[in-house]
1. Arrange the residues E117, E47 by how much accessible surface each exposes, largest first, with a 1.4 angstrom probe.
2. How large is Rg over Rh for the range 13-93, taking Rg from the Cα atoms and Rh as the Kirkwood inverse mean of 1/r across Cα pairs?
3. Relative contact order for the range 4-149: what percent, with Cα pairs under 8 Å and sequence separation of 6 or more?
4. So how much slack lies between D84 and N14, counting 0.36 nm per residue of separation and subtracting their Cα-Cα distance, in nm?
5. Given Cβ point charges of +1 (Lys, Arg) and -1 (Asp, Glu) and nothing else, what value in debye, to the nearest 20, does the dipole of the chain about its Cα centre take?
6. At 1.4 Å probe size, with every protein chain present, just tell me what the per residue accessible area of the range 1-89 comes to in Å².
7. Student exercise: in the chain, how many lysine pairs 8 or more apart or on different chains have Cα atoms under 27 Å apart?
8. Beta carbons within 10 angstrom, averaged per residue: use that to sort the peptides 56-66, 36-46, highest first.
Amino acid sequence: MSKDREITSTRRVNYSQAEVYQAWSNPDLLAQWWGPKGFTNTFHTFELNPGGTWRFTMHSPQGPSFDNKCVFVEIVPNKRLVFDHVEPVHAFRVIATFDRQGEGTLITFHMVFKSAEECERSREVIEPSNEENFDRLEALLASHFNSKV
C-alpha cells in the first residue's frame, strides 16, 4: 500500500479488548459514539458478518444529514474489524485493530483511500474528526463499563 493513500489514527484506552470490541460491534453502543463531536446517528442496517451491510445516517449538529453505506469484509472478535466505506462521497477501506497493550488496548484506525488525491483532500477533516471520534468512544467506555482494566 502507498502511504500517500493512508490515514492512521491510534489511541490507547484503559479498557480490555473485549470492551473496546463491544463498543465497535454492538450497534446500540456504536450509534452513541460514532462520528465527530456533536454528531448523532440513525442506523438502518448493521449486519456484522463478512459481506454484511452497515447503512446509517449521520446527523450534523449544524443541520445536514449524511447517508453512509459500508460493507464488512473481515471480523475477528476482540481483535479486528475491516470494512469498506462505499458511499456516498469517500471510498475507502477501514482496518480497525484492537491490540492488548499493558493493561489496556491500543486502537488503530487505519483508512486506505482509492487515490492519493482523495486521501489528501480528506486528510484535514478526517484527522481531527478521528480524534473527536476517539474522545467520544472513550466517554462511552467510561459510562458503559464500570471498571477500567
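The values are calculated or read from the model by the stated rules, or taken from the named source; none is laboratory data. What you see is a predicted model; the values in this text were computed from it and never measured. Every residue, glycine as well, gets a Cβ built from its backbone with ideal geometry; the counts of neighbours run over all protein chains shown. To get the accessible areas, we keep the full protein, side chains included, count just its heavy atoms, and leave off ligands, DNA and RNA. Shrake-Rupley method; radii C 1.70, N 1.55, O 1.52, S 1.80 Å.
1. If we order E117, E47 from most to least accessible, we get E117, E47.
2. Value, to two decimals: 0.97.
3. Worked out over the range 4-149, it gives 31 percent.
4. Difference between extended and current length: 22.4 nm.
5. Around 240 debye, computed over the chain.
6. Here the per-residue accessible area is 51 Å².
7. Lysine pair count for the chain: 11.
8. So the peptides 56-66, 36-46, ranked by packing, come out 36-46, 56-66.
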